[in-house]
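Novice: One structure, pasted below without further comment.
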Amino acid sequence: MSFYKMLIAVILAAGRGTRLSQITKDIPKRLVNIGNKTLIERHIEILLQNSIKHIYVVVGYKADKVIRKVSKYSDLITYVMNNEYATTENIYSLYLTRNFVAGKEFILLNGDTVFEECIIEELAKKVGINVAPIDTNYYDLEELKIRKEGKFVAEILPKDAPREISDGSTIGIFKFSSEGSKIFFKEIEKCIEEGNQKQWFEFALNRILPRLKMEILDIHGFRWIEIDTMEDLERARRIFR
């Protein structure tokens, strides 16, 4: 069996997207249209085009609408329900996948980023390696920053970290080796036991970076945008028409 057939993915799609409330009062953010496809359809199709044959989708807010929209892919998807989506953050959504994913090589997508397919294509080639796609020439107050040491991520910095100490921005996508996955989920479980359900998953990742080698994949020049606001959505629709 080839590596690609063994690689799996997790899409975090439980949240509402409150800053898009004029749209998300009726649908989850992952169902906004970019061109003629929703965000989650774009993600699933890009993953499938890169031979990633099983996808875990964490749903919560208006989960029935998400499941109905991607029902044609249901043979390839396992849905994981986060009933606490209104009072937790994505670290808890990822925690809920632990029995399926912990210890397995996987790609993690925080499902509100639109990106070029080649980013996933490059990640899928990185067999047995922990990888973070980073735009090393982008600074914006909406994205988490990173500090690097050589070719590795040394620290994930807050969104408002000063530009002079930032070596680039994350895009909410990471790839973990099987060993990295084991270490990551162990830390996530520890975070949840400590009562950190309202943190982002990067909170747990930051705590293990001193012992987890995570290579930087520089995606500067590739098209991507994280959708947080109506302005982001309009820009994404222009870029990915």
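The values are calculated or read from the model by the stated rules, or taken from the named source; none is laboratory data. A quick note: this is a predicted structure, and the numbers were derived from the prediction, not measured. Glycine gets a Cβ as well: all are built from the backbone with ideal geometry, and neighbour counts include every protein chain shown. When the accessible area is computed, the model is the full protein with side chains, heavy atoms only, and any ligands, DNA or RNA have been set aside. Shrake-Rupley method; radii C 1.70, N 1.55, O 1.52, S 1.80 Å.
Novice: Please compare each pair in 125/175; 53/104; 159/190; 182/213; 29/65; 151/190 to a cut-off of 20 Å on the Cα-Cα distance and tell me which ones are over it.
Specialist: Result: 159/190; 151/190 exceed 20 Å.
Novice: Of 43, 220, which has the most accessible area and how do the rest follow, probe 1.4 Å?
Specialist: 220, 43
Novice: Tell me the mean residue ellipticity at 222 nm calculated for the chain from its helices only (DSSP H runs of n ≥ 4, each -39500 (n - 2.57), averaged over every residue, nearest 500).
Specialist: -8500 deg cm²/dmol
Novice: May I pose another question? Using modelled amide H (1.01 Å from N, peptide plane; none on Pro or chain starts), what sits under 5 Å from the amide H of residue 154, excluding residues fewer than 5 places away?
Specialist: The list, which skips near neighbours in sequence, is 147, 148, 149.
Novice: Given H placed on each backbone N at 1.01 Å, which residues far from residue 168 in sequence or on other chains put an amide H within less than 5 Å of it?
Specialist: 146
Novice: Where the accessible area of segment 22-123 is counted over protein heavy atoms with a 1.4 Å probe, how much of it, in %, is carbon and sulfur?
Specialist: Carbon and sulfur atoms account for 42 percent of the accessible area of segment 22-123.
Novice: Hey, with R₀ at 45 Å, roughly what FRET efficiency would residue 139 and residue 190 work out to, going by the Cβ-Cβ distance, to 0.05?
Specialist: For R0 = 45 Å, the calculated efficiency reads 0.90.
Novice: Could you give me the ³J(HN,Hα) list for segment 86-96, computed from phi with Karplus coefficients 6.51, -1.76, 1.60 and θ = phi - 60°, whole Hz, x at Gly and Pro?
Specialist: Calculated HN-Hα couplings, in order: 6, 10, 10, 10, 5, 4, 6, 4, 5, 3, 5 Hz.
Novice: Scanning the chain for helices, which whole DSSP H stretches are 20 Å or more long along the axis (Cα) and average -0.5 or more by Kyte-Doolittle?
Specialist: In the chain, the long hydrophobic H runs are 178-193.
Novice: Using only Cα atoms, what is the ratio of the radius of gyration of the chain to 2.2 N^0.38 Å?
Specialist: 0.94
Novice: Between segment 149-206 and segment 110-138, what is the separation of their alpha carbon centroids in Å?
Specialist: That distance is 15 Å.
Novice: Packing-wise, with mean Cβ within 10 Å as the measure, how do 183-195, 101-113 rank, highest first?
Specialist: Descending packing order for the listed peptides: 101-113, 183-195.
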